[in-house]
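Chemist: Can you read through this structure? Questions will come right after.
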Amino acid sequence: MKNIILTANGTQKADLVLKNASIVNVFTESIEVGDVAITDGKIVGIGRYEGKIEKDMTGRFVCPGFIDGHIHLESSMVTPSEFARAVIAHGTTAVITDPHEIANVAGCDGITYMMQATKDLPLDVFFMVPSCVPATDLDESGACLNADDITPFYNDRRVLGLAEMMNAFGVNQADGSVLSKIKTTLEHDRIIDGHAPLLCGKELNAYTAAGIRSDHECSNIAEAKEKLSRGQWIMIREGTAAKNLQELMPLFEAPYYNRILLVTDDKHPLDLLNDGHIDAIIRKAVHLGADPIRAIKAGSLNAATYFGLRDTGAIAPGYDADIVVLNDLTDLHVQEVYKQGTLISERGQITTAVNSNTDSIPERVIHSFHVEKITPAQLVIPKQGEHIRVIELHAGELLTSERTASWNTDTSAKDWADGINPDDDIIKIVAIERHKNTGHLGMGFLGGYGLKKGAVATSIGHDSHNLVVAGTNDTDIAIAANAVIEAEGGLAIACQGELKHTLPLPIAGLMSDQPLEQVNAELETMKKTLHDWGIPMDIDPFMTLSFVSLPVIPALRLNTYGLIDVNSHKVVDASFS
């Protein structure tokens, strides 16, 4: 403290001074030209200073490090250290992660692993404790967490609150187990994130009255404005699968822009490497017309304010020296990144050690598959009528709709599975329970995916992460599924009776233990093949498929129990009269 004060008042030299910088002031929403003085990892002053080390920033913009307010780190498909290497280069200095992906597979062991693996990284990783493991009672996960399970995590300073409360139905029904998690969170003076797509009116009032303070599921501006008017913060999501920024651009105007923050939710390796992270959302917002300082503010100070991170999010005395240097405020290319005053990235290259912290992985995390291989004979959908319910996908959205079609009887000549019609963009989808060897297997029909031949399998199936497989025929579906089972997690594609590619994900069936660049290269090879097989370029084949099983986002989903009507919270038949 003494060094900080004596440096701030000019008595002694700073450790580092960024000279003649164009400083992005997120408080006054203005640009101030001057020096940024740094001592003991803190910003100590703005003005004119001398330093032991001085770096000229003439013509460059200095802004706060970027903060991702809501991400599932596991969705990067790599270990936390590999994720850190990727996002640091893009100016991210802090993320708030909800480890509910790995918690659904391995329970508290999974959360503990993620917390251990993120220690001592040159990236602040804060946690929100998973609220819904499993997501609802209409789901089968590898673990079930109650209030007693999550409460001990609040003893860790990095745990900021309760993650997205997906069970809006349970909140409105005043379900005892849901309320007990909310109660223990509030008793520990922590914040509660929301997840309530399309919730409105009195049900939104009840949800917010329970203490839930944010939402990242808004897909239209009317929904966002209503939630803001009820006191919630809006997390504008722009990830690999869900892209809501363009629809929510009016929120960058008054009176809304102080209550928005930027999040990715889920981000695949290619997007992290080529597109970026929070910097990519800021850049896109600016190109769509947002004021650049407001966009930067949404990606820094607003997130810090919402989560109560008092020492970060701004270039000001007393704040952590988590700093991003930009070339301009139009293209916003990240040139340098500082973490507590130490240069950690320069022109996209990491300049500091990034420790893996994964020497000991719990058995429950590394061996998470407990399921027998399947046969094509198990994949026959019972015909209960001439009509079928089709889960209809929509590019760039997580919301699905229900399409009614006719059961196709002309399949044998084309080697299609019974009932489907790839010419009409209708294929089969299967969900296989993989945690406890229950033998449960749900089947249905999928539209809007575009696949014309072959099959795709993934052990990433939100949120319980059972095995999800889509395909045009039962043989390829079984081959792809069994390849993932044999690898104890991963991705696989098959066609014409042959396994074409696999990508093992040995850590909980969610993450690879290989470098990000290698994972990306293998993933892109598989994606290219799938696009050649008919999946449109605007659909990410694996990320899109992984959300089909999530029974908390309307309207129609498929999991191991079968076809789920999310709005009625019931299992419905795949075919009917």
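The values are calculated or read from the model by the stated rules, or taken from the named source; none is laboratory data. As the structure is a computational prediction, the values presented were derived from the model and not from experiment. Here the Cβ positions follow ideal geometry from the backbone for every residue, glycine too, while neighbour counts run over all protein chains shown.
Chemist: Could you tell me which residue of the range 276-306 is farthest from residue 250 (Cα to Cα), considering only residues that are touching a residue at least 12 places away in the same chain (Cβ under 8 Å) and of a type in the set (S, T, N, Q)?
Modeler: Only one residue fits best here, namely 300.
Chemist: Please specify each residue of the range 460-517 satisfying the condition of being more than 21 Å from residue 547 (Cα to Cα) and in a loop (DSSP other than H, G, I, E, B).
Modeler: Once the filter is applied, which keeps residues that are more than 21 Å from residue 547 (Cα to Cα) and in a loop (DSSP other than H, G, I, E, B), the range 460-517 yields 473, 496, 497, 513, 514, 515.
Chemist: Mind checking which residues of the range 138-148 are closer than 13 Å to residue 104 by Cα and over 22 Å from the mean Cα position of the chain (by Cα)?
Modeler: If the condition is that a residue be closer than 13 Å to residue 104 by Cα and over 22 Å from the mean Cα position of the chain (by Cα), then 146 is the only one that fits.
Chemist: Still on this model: Looking at (1) touching a helix residue (DSSP H, G or I) at 6+ places or on another chain (Cβ under 7 Å); (2) touching a residue at least 24 places away in the same chain (Cβ under 8 Å); (3) in a loop (DSSP other than H, G, I, E, B), which is the only condition residue 27 fails?
Modeler: (1)
Chemist: Limited to the range 134-172, what total is found for residues that are among the small types (Gly, Ala, Ser) and modelled with pLDDT under 95?
Modeler: Step one: of the range 134-172, the residues among the small types (Gly, Ala, Ser) are 135, 141-143, 147, 161, 163, 168, 170.
Next cut, modelled with pLDDT under 95 only: 135, 168, 170.
Going through the range 134-172 one residue at a time, the tally reaches 3.
Chemist: Which of the residues belonging to the range 121-155 are within 19 Å of residue 67 (Cβ to Cβ) and either among the charged types (D, E, K, R) or in contact with a Pro (Cβ under 8 Å, 6 or more places away or on another chain) (or both)?
Modeler: Correct list: 121, 124, 125, 127.
Chemist: Of 551, 504, which residue is closer than 30 Å to residue 361 by Cα and in contact (Cβ under 8 Å) with a residue 24 or more places away in the chain?
Modeler: Numbers: 504 fails: in contact (Cβ under 8 Å) with a residue 24 or more places away in the chain.
Criteria check complete, one pass: 551.
Chemist: Also: Would you check which residues across the range 518-539 are among the hydrophobic types (A, V, I, L, M, F, W, C) and assigned to a helix (DSSP H, G or I) and list them?
Modeler: Within the range 518-539, 519, 521, 523, 526, 530 meet the criteria.
Chemist: In the range 175-211, which residues are in contact with a Cys (Cβ under 9 Å, 6 or more places away or on another chain) and over 16 Å from residue 554 (Cβ atoms)?
Modeler: Across the range 175-211, the qualifying residues are 178, 181.
Chemist: Here's another thing I want to ask about it. When you go through 255, 317 one by one, which is the residue that is over 25 Å from residue 400 (Cβ atoms), part of a loop (DSSP other than H, G, I, E, B) and either without any contact (Cβ under 8 Å) to a residue 60 or more places away in the chain or in contact with a Phe, Trp or Tyr (Cβ under 9 Å, 6 or more places away or on another chain) (or both)?
Modeler: 255
Chemist: Residue 236 versus (1) touching a residue at least 12 places away in the same chain (Cβ under 8 Å); (2) outside any strand (DSSP E or B): which is the lone unmet condition?
Modeler: In the conditions (1) touching a residue at least 12 places away in the same chain (Cβ under 8 Å); (2) outside any strand (DSSP E or B), residue 236 misses (2) alone.
Chemist: Which count do you get for residues in the range 524-545 that are at pLDDT below 95 and in contact with an Asp or Glu (Cβ under 8 Å, 6 or more places away or on another chain)?
Modeler: Going through the range 524-545 one residue at a time, the tally reaches 1.
Chemist: Mind telling me which of the residues 34, 51, 59, 10 ends up being surrounded by fewer than 21 Cβ atoms within 10 Å (Cβ to Cβ) and in contact with an Asp or Glu (Cβ under 7 Å, 6 or more places away or on another chain)?
Modeler: The unique qualifying residue is 51.
Chemist: Across the range 378-422, which residue is surrounded by the most Cβ atoms within 10 Å (Cβ to Cβ) among those that are at pLDDT below 95 and in a helix (DSSP H, G or I)?
Modeler: By that ranking, first place goes to 414.
Chemist: If you don't mind, another one. If you check 337, 371, 365, which single one turns out to be within 30 Å of residue 287 (Cβ to Cβ) and touching a residue at least 60 places away in the same chain (Cβ under 8 Å)?
Modeler: Working: 371 fails: within 30 Å of residue 287 (Cβ to Cβ); 365 fails: within 30 Å of residue 287 (Cβ to Cβ).
Sole residue among the options that is within 30 Å of residue 287 (Cβ to Cβ) and touching a residue at least 60 places away in the same chain (Cβ under 8 Å): 337.
Chemist: Looking at (1) assigned to a loop (DSSP other than H, G, I, E, B); (2) within 30 Å of residue 64 (Cβ to Cβ), find the lone condition where residue 343 falls short.
Modeler: (1)
Chemist: I'd like the full set of residues that are crowded, with 22+ Cβ neighbours inside 10 Å and either farther than 15 Å from residue 337 by Cβ or of a type in the set (Asp, Glu) (or both), limited to the range 314-326.
Modeler: Across the range 314-326, the qualifying residues are 314, 320, 322.
Chemist: Exactly one condition in (1) in a strand (DSSP E or B); (2) within 34 Å of the chain's Cα centre (by Cα); (3) of a type in the set (Lys, Arg) is false for residue 85; which is it?
Modeler: The failed condition is (1).
Chemist: Quickly run through the range 211-241 and pick out the residues that are among the hydrophobic types (A, V, I, L, M, F, W, C) and surrounded by fewer than 21 Cβ atoms within 10 Å (Cβ to Cβ).
Modeler: 221, 222, 228, listed by residue number.
Chemist: One residue is enough: does the range 125-145 have a residue meeting the conditions in a helix (DSSP H, G or I), among the aliphatic types (A, V, I, L, M) and out of contact with any Cys (no Cβ under 6 Å at 6 or more places or on another chain)?
Modeler: no
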